[in-house]
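The structure appears below as structure tokens.
The values are calculated or read from the model by the stated rules, or taken from the named source; none is laboratory data. The structure displayed is predicted, hence computed values, not measured ones. Glycine gets a Cβ as well: all are built from the backbone with ideal geometry, and neighbour counts include every protein chain shown. When the accessible area is computed, the model is the full protein with side chains, heavy atoms only, and any ligands, DNA or RNA have been set aside. Shrake-Rupley method; radii C 1.70, N 1.55, O 1.52, S 1.80 Å.
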Amino acid sequence: MLLRLAFRSLTNRWLTAVLTVLAIGVSVTLLLGVERVRTGARASFADTISGTDLIVGARSGAVNLLLYSVFRIGNATNNISWRALQEVASRPEVAWTVPISLGDSHFGHRIVGTTAAYFEHYRYRQRQPLTFRSGGPFRDLFDAVAGADVAAALGYKLGDHIVVAHGLGNTSFAQHADKPFVIAGILAKTGTPVDRSVHVSLEAITAIHVDWQGGARIPGFTTTLEQVRDLDLTPKDVTAALIGLTSRTAVFRVQRAVNDYAGEPLTAILPGVALQELWGIVGTAEAALAVVSAMTVVTALLGMATAILATLNERRREMAVLRSVGAPPRIILALLLAEAATLTAASIVVGSLLLTIALLAARPIIDARFGLYLPLQAPTPRELLLLAAVLVGGVAAGLLPAVRAYRMSLADGMTVRT
Amino acid sequence: MALADGPLAAALRDVRFAWRGRAPFALAVNSLDIARGERMLLVGPSGGGKSTLLSLLCGVLTPGSGSVTVLGTDIGRLPGAARDRFRAEHLGVVFQMFNLLPYASVLDNVLLPLRFAPERRARAARAGVRAEGTRLLRSLGLEEQLHDGARASSLSVGQQQRVAAARALIGAPEIIVADEPTSALDRDRQTAFLHLLFGEAARAGTTVIMVSHDASLAPQFDRIIHLADVATISRGSP
């Protein structure tokens, strides 16, 4: 009977109750959403590269090298010479080498100069290999392989001709218009920066730069497509290289050898270690996000405590009535705590529903735009723990008005002293 | 129950009570006896300590010193929970206004005290708890269609007071305590209300203790006590 009365008391104030539940509900959605994005981001982040034992580049920090070679963010400080790379590649411990040459772009998408070994050895998400949605690796000098996002965004299909821009600007005026590429393959979606890259052969990179020097075309020089095919297109240098070893135990030996290479300053990094280091930096923002979302929950719960407190004055009569029929003050305490718990529990349900709806609506967009795969799943143990914490917080916030009502009802007795 | 066989419904001895805080107020009652089955009217001016005296009788407040004995039990010595239980079992209370939980149905309001008083519930349950509630409401003049459907807040003041009376009477507690229950009613309704209340109280031999500032109600009571004759009020710093 008491619970029924408590429920009717709450429905009697339904507008306040609904608004309170919405406020807490939205904050719960935010809390769970941030948690989902956090784990999703962390997972896609760690899944970006796998199966590569070392990344070799010019001397720089591990994070920087990882950023430009794998995430294709930022620029290389320097290139490594083809000769140095060949020396590393010829070490007995090295099973395969995938050179990467960066610097050009296509409508804001990075052009990656590489070899066919790229499609064989690049691995993501638990050593999954790249697969072709259509076509295959480049066979001709001016063949290109588009990542899934590039193909989708620009509507490319096999056989389309594309022009590469010099440099990285979205609307570069310096274009390699004289040497167009043909789409020879389109990769399946991976959720990694590969999706946003266009892959061409190293020789093609050399070929389109034949008449160029220092970022500009040399006036008066035009090498035709036919002439360029006869040239020696072995690159002089590359930006970085992914390296696989015959045995993982050799990894530190090879790393030291690269770092100590006498010919030029080189750096070799372990992708896993660098990923962790990078996540350590990104993770601070992530932690800040989590703190902010937690604070919104705290704010909403305090709002609920305020809303309940505000009703106490008008409910003093109600409490005096309960006291007069013999309800002990602890019943009044319990009723108010039950109210806070009910509101919080309802908010958790509303918040979870809102998140599900939001995910259903926004998932494809988030996946397409940010390459972030957010699973639609039952709450994880961690999320359940968060929700339990919200409930405990709700009851704790409810203690504030409850204790006040308790003391008021003790002091008021049956007569309301105002 | 042996306690209830004593001759006195309530007895106050050397009671001292003080409100502290911004408006200090102290009440002293040297001696006040109320017999069982008596209908007693306590008259005094508004804000004269009548409600405080009733709160002491009901055990919602406890005296600083002295004893408040109700049905043979010194309720000032009972621990808080036992005092609440004692009040639930033995006392029915009617206020001047705002007696009801506005969002609950009329019948729920009437049955509310039974939740805290198993003995009263057992007594009311002889005819069925809801049947007893309905009977009381009907005999107090509330049509049956109001009992279950209507929210208590939709009733008129007079109807609300009758619901409050039914709630005080259900399960036949030994004492009814009423704090200006008729002051919100016009003269005719006052008389009618008291008539109904006393009628039901007489059936169960219930003691009625009522306070009012209105001495004109006196003819309907067995005994009139002026608060000034039994209690000393002091204000300001105690």
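Please give the average number of partner chain Cβ atoms lying within 10 Å of the Cβ of each residue in B:92-101, rounded to a whole number. Please list the in-between numbers first.
Details: counts 2, 7, 1, 7, 1, 1, 6, 4, 3, 10.
Mean shielding by partner chains, rounded to a whole number: 4.
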- Query: Mind checking which of B:A11, B:A164, B:A178 has the largest fluctuation in a GNM of chain B, springs on alpha carbons under 10 Å?
  - Reply: B:A11
- Query: With no solvent and one point on each alpha carbon, what is the Debye value of log10 I(q)/I(0) for chain A at q = 0.07 Å⁻¹?
  - Reply: -0.52
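What share of the DSSP beta bridges in chain B is antiparallel, in percent to the nearest 5? Let's see the in-between values first.
Working: 23 of 41 bridges.
For chain B, the DSSP antiparallel bridge percentage is about 55.
Calculate the FRET efficiency for B:S67 and A:A388 from the Cβ-Cβ distance with a Förster distance of 41 Å, rounded to the nearest 0.05. Please report the intermediate quantities before stating the final value.
Numbers: r = 50 Å, r/R0 = 1.22.
Between B:S67 and A:A388 the formula returns 0.25.
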- Task: Have a look at B:T182, B:T207, B:T191 and tell me which one the Gaussian network model of chain B (Cα, springs below 10 Å) gives the largest fluctuation.
- Result: B:T191
- Message: Between A:V349 and A:D367, what is 0.36 nm times their sequence separation minus the Cα-Cα distance? Round to one decimal in nm.
- Response: 3.9 nm
- For chain A, what is the relative contact order in percent, using Cα pairs closer than 8 Å and at least 6 residues apart in sequence? 25 percent
- Item | A:Q213 versus A:F252: modelled label distance in nm, points set 7 Å from Cα along the beta carbon direction | 4.8 nm
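How large is the helix-only mean residue ellipticity at 222 nm for chain A, computed as the sum of -39500 (n - 2.57) over DSSP H runs with n ≥ 4, divided by its residue count, in deg cm²/dmol to the nearest 500?
Numbers: 13 runs with 216 residues, N = 418.
That comes out to -17500 deg cm²/dmol.
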- Enumerate the amide H contacts of A:A144 below 5 Å, restricted to partners 5 or more residues apart or on another chain; note that Pro and chain-start residues carry no placed amide H. A:V182, A:I183, A:A184, A:G185
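Report the charge-dipole magnitude of the protein assembly as shown in Debye, nearest 20, computed about the Cα centre from +1 at each Lys and Arg Cβ and -1 at each Asp and Glu Cβ. Can you show the working numbers first?
Working: 64 positive and 51 negative charges, 422 e Å.
Taking the Cα centre of the protein assembly as shown as origin, the dipole is about 2020 debye.
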- Message: How shielded is A:312-325 by partner chains, expressed as the average number of their Cβ atoms within 10 Å of its Cβ atoms?
- Response: 6
- Item | Mean accessible surface per residue for chain A, computed with a 1.4 Å probe while every protein chain stays in place, in Å² | 46 Å²
- Query: In terms of modelled amide H atoms, which long-range or inter-chain residues lie less than 5 Å from the amide H of B:F25?
  - Reply: B:W19
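Largest first and in whole Å, give the semi-axes of chain B's equivalent ellipsoid, each being the square root of 5 times a Cα gyration tensor eigenvalue. Please report the intermediate quantities before stating the final value.
Details: eigenvalues 165, 82, 57 Å².
Listed largest to smallest, the semi-axes of chain B are 29, 20, 17 Å.
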- Separation in nanometres of the label points that stand 7 Å from Cα toward Cβ, at A:Q128 and B:S234: 8.7 nm
- Query: Using a Gaussian network for chain A with springs between C-alpha atoms less than 10 Å apart, which of these wobbles most: A:T48, A:T20, A:T234?
  - Reply: A:T234
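Compare B:F86, A:F252 by solvent-accessible area with a 1.4 Å probe and give them largest first, with all protein chains kept in place. Walk me through the intermediate numbers first.
Numbers: B:F86 20, A:F252 125 Å².
Order by accessible area, largest first: A:F252, B:F86.
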- Item | Heavy atoms of A:T311 accessible to a 1.4 Å probe, total area in Å² rounded to 10 | 10 Å²
- Message: To check you understand DSSP bridge types, tell me what percent of the beta bridges within region A:54-269 (both residues inside) are antiparallel, rounded to 5.
- Response: 80 percent
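To the nearest 0.05, how large is the calculated FRET efficiency for B:S156 and B:S46 if R₀ is 30 Å and r is the Cβ-Cβ distance? All intermediate terms of the calculation are to be shown ahead of the outcome.
Details: r = 24 Å, r/R0 = 0.78.
Step by step, r from the Cβ atoms, then E = 0.80.
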- Place a point 7 Å from the Cα of B:S216 in the direction of its beta carbon; the residues of region B:137-161 whose amide N falls under 13 Å from it are none
- A convex hull over the alpha carbons of region A:54-269 yields, per residue, a volume in Å³ of 121 Å³
- Note on the structure: So for R0 = 30 Å, FRET eff. of A:T299-A:T39 from the Cβ-Cβ r, to 0.05, ends up at 0.80
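If the chain between A:L309 and A:D260 were fully stretched, how many nm would it gain, using 0.36 nm times the residue separation less the Cα-Cα distance?
On the way: separation 49, 0.36 × 49 = 17.64 nm, distance 6.97 nm.
The span from A:L309 to A:D260 would gain 10.7 nm if fully extended.
Count the DSSP beta bridges whose two residues both fall in the protein assembly as shown, then state the antiparallel fraction as a percent rounded to the nearest 5.
Working: 58 of 85 bridges.
Bridges in the protein assembly as shown are about 70 percent antiparallel.
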- Task: May I ask for log10 I(q)/I(0) of region B:70-182 at q = 0.21 Å⁻¹, from a Debye sum over the Cα atoms as equal point scatterers with solvent left out?
- Result: -1.12
- At 222 nm, what helix-only mean residue ellipticity would chain B give, in deg cm²/dmol to the nearest 500, using -39500 (n - 2.57) for each DSSP H run of four or more? -10000 deg cm²/dmol
- Task: Step through the residues of region B:221-233 one at a time and calculate ³J(HN,Hα) from phi using the Karplus curve (6.51 cos²θ - 1.76 cosθ + 1.60, θ = phi - 60°), rounding each to whole Hz and writing x for Gly and Pro.
- Result: 10, 6, 8, 10, 10, 8, 3, 4, 7, 10, 10, 10, 10
- Quick one: go through region A:79-113 and flag any residue whose amide nitrogen is under 19 Å from the point 7 Å out along the Cα-to-Cβ line of A:A285. none
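To the nearest 100 Å², how much accessible surface do chains B and A cover up together, summed over both, with a 1.4 Å probe?
Numbers: alone 10910 and 20470 Å², together 28810 Å².
The buried area between B and A, both sides summed, comes to about 2600 Å².
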- Task: Give the carbon-plus-sulfur fraction of the accessible surface of region A:90-167 in %, rounded to a whole number; probe 1.4 Å, heavy atoms of protein chains only.
- Result: 51 percent
